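One structure is given here, and the rest of the page talks about it.
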Amino acid sequence: MSDLYSKASLVMVPQLVDTGKVYSIKPENRRGDFDFTRSSAATRVNADGNIEKETQNLLTYSNDFSEWSSINTSETSGQSGYDGTNDAWLLSKSASSARVQQSISTSGIRTYSVYVKAGTLNYVMLNNSFVSQWFDLSNGTIGTNSSSANTIDASIESVGNGWYRCSLIFNSSISIVRIYPSQADNDVSGTSGNIYIQDAQLEQGLVARDYIETTTTAVEGGITDNVPRLDYTDSSCPALLLEPQRTNICPNSEDVSNWSLVNAVATSNDTISPEGVQNAAKIVTSNTGCDVKLTSIPVSPSTTYTATFYCKLTSGSGLRTRFYDNTNLANIEYYTYDSQLVVGEWKRVTRTFTTPAGCNNIQIWFLAASSSSSVTAHYWGYQLEQGSYATSYIPTYGSSVTRVVDASLNFSSSFSGVFGSASLTKYSILIDIKKAEQSYSGSSTFLNKGNNTQGRINYGGGSDLVYYSTATGYMTDNRITDGNPHKYLLVCNDGVIKQFFDGTLIDTDNNPNDEFVSFSLSGSTGSYADYDLSSLMAFNSALTDEEAIALTTI
């Protein structure tokens, strides 16, 4: 189990990727090429061991300030920039409150950044609809902030030759961003003077990332829609990460500025996070009566959830979480986790629990245990998802976010009839499954992918993939009796059906008449065994025997 996150992944060694495609260099007949879709952003662990996200610049004409609205300013291009180019601009003012500005509608946690250098003026003020933040360009210090209630943080970073990257981090709905040349802190009344500016960026999150150039439209980068996730979690060799749909219902996965604090102090952007940038919070608890609380998270009653967060212990011990039922006004459970931590090292803490009947809303508390009077720890990446295991990190910036399934075929709500098309003659179905502790009698509920609801897997010809039988070639109860996880893979290749189980080819059917015509997950009246399905993946290609054995080997 990785310290960063556990995953259900397609284990292969990709050589080249493109949008919606993973290419294989060998074999040269391209049999290793792999198509898939994912209509949302996602994360992965990159080759440097950092969690990599989608990035973006939400502004247009990010370095063409002649396209911004000019209020009593002039903009002169071709100036010497921070990056050795002549892409900087001289921004000169001719009246008080002079500025350049761009209208934009966005909300949530955002970072607005601009590269700035002093000219005849030594100050710049960055502004959105609510906040004005001054920066001193003569010594690289942060000046006055006009609205701390709407501000999470501000930073000024020297990039050499008198240039600074000035950043304003906030959580609010805005309609505009502005740049003001200023003659003094908290003062834009002057009527002349200039500064140099270059490369403006507005992005979600708590920190300014690598600059992305834009012209007529906003631009996204990183792990965007349909970009394959070559994940380095387990080794120096990447695996293609494929996961079921999950939603992080924690609305602010990295920002603790609006959490409830009692006898505790939180500092935003205090240290380098597992993302490799300085956006992790420090929380210091002063006594055993402290709590750091994320309140009012909507949940479903009698449902299994997995909570995760990254923690790095600095000093002290006795850390625990409290899951509290806001509906029934009762504790769900306390969970002590400091034994999982190593001082100075990031670890992902994971806890699975089930909400009580009638519970529609919960709180998550981060507490010091009674054995400790003071604890200092860093936190990052809060996630609460429905399911019995943790998936890769899903960042949120003000509201819940869903990462949709990685797949090559879109399932219907019942998973029924998906493979009924006569034109679909090559496909593969991968299932991670184990036997539950109890059996059921009567109709069961629909088995949702990735949600570990229990049910039965039906075979299109009227038989079952999982059922009480000793029929040769089918996965039966005799194969999964121990409660341990198992992997099953079915490969259809022009009428030839092969079934693989835990790294072994268990059946080959060369009769085209036995080809699968449907694939559904459902229950049936009678007495059957219960099974937990942790993932189901379908691909519109027929995997080779070698690939199938590698995928199903435990």
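Quick notes on this structure:
- Region 202-241 - residue that is under 17 Å from the mean Cα position of the chain (by Cα) and acidic (Asp, Glu) and, of those, nearest to Ile174 (Cα to Cα): Glu203
- Flag for Gly84 being free of Cβ contacts under 8 Å to residues at least 60 places away in the same chain and on the phi > 0 side of the Ramachandran plot: yes
- Any hit, region 201-221, residues being touching a residue at least 40 places away in the same chain (Cβ under 8 Å), assigned to a loop (DSSP other than H, G, I, E, B), farther than 20 Å from Gln56 by Cα and in contact with a Gly (Cβ under 9 Å, 6 or more places away or on another chain): no
- Residues that are among the hydrophobic types (A, V, I, L, M, F, W, C), under 31 Å from the mean Cα position of the chain (by Cα) and farther than 22 Å from Gln133 by Cα do occur in region 48-69.
- Number of the condition not met by Ser146 [criteria: (1) modelled with pLDDT of 95 or more; (2) surrounded by fewer than 17 Cβ atoms within 10 Å (Cβ to Cβ)]: (1)
- When region 339-355 is filtered for residues that are within 13 Å of Phe309 (Cβ to Cβ) and outside any strand (DSSP E or B), the ones remaining, listed by number, are Gln340, Leu341, Trp346.
- Applying the condition of being in a strand (DSSP E or B) and either outside the structural domain of Leu294 (by TED's automatic domain parsing) or within 23 Å of Glu385 (Cβ to Cβ) (or both) to region 252-265 and asking which residue is farthest from the chain's Cα centre (by Cα) yields Ser260.
- Among the residues of region 150-178, those that are closer than 18 Å to Ile109 by Cα, outside any strand (DSSP E or B) and touching a residue at least 24 places away in the same chain (Cβ under 8 Å) comprise Ser172, Ser173.
- Flag for Ser268 being over 17 Å from Ile362 (Cβ atoms), in a loop (DSSP other than H, G, I, E, B), touching an Asp or Glu at 6+ places or on another chain (Cβ under 8 Å) and polar (S, T, N, Q): no
- Any hit, region 540-552, residues being buried (at least 18 other Cβ atoms within 10 Å of the Cβ), modelled with pLDDT of 70 or more and among the charged types (D, E, K, R): yes
- Enumeration of residues in region 179-198 that are surrounded by fewer than 23 Cβ atoms within 10 Å (Cβ to Cβ) and either in a loop (DSSP other than H, G, I, E, B) or not aliphatic (A, V, I, L, M) (or both): Gln183, Asp185, Asn186, Asp187, Val188, Ser189, Gly190, Thr191, Ser192, Gly193, Asn194
- Filter result for the condition that a residue is in contact with a Gly (Cβ under 9 Å, 6 or more places away or on another chain) and of a type in the set (Val, Ile, Thr), over Thr55, Thr106, Thr76: Thr55
- Verdict on Phe366 being under 22 Å from the mean Cα position of the chain (by Cα) and within 17 Å of Trp259 (Cα to Cα): yes
- Some residue of region 276-292 being in a loop (DSSP other than H, G, I, E, B), out of contact with any Gly (no Cβ under 7 Å at 6 or more places or on another chain), closer than 25 Å to Arg403 by Cβ and in contact (Cβ under 8 Å) with a residue 60 or more places away in the chain: yes
The values are calculated or read from the model by the stated rules, or taken from the named source; none is laboratory data. Source: prediction; values computed, not measured. Neighbour counts run over all protein chains shown; Cβ positions are idealised from the backbone, glycine included.
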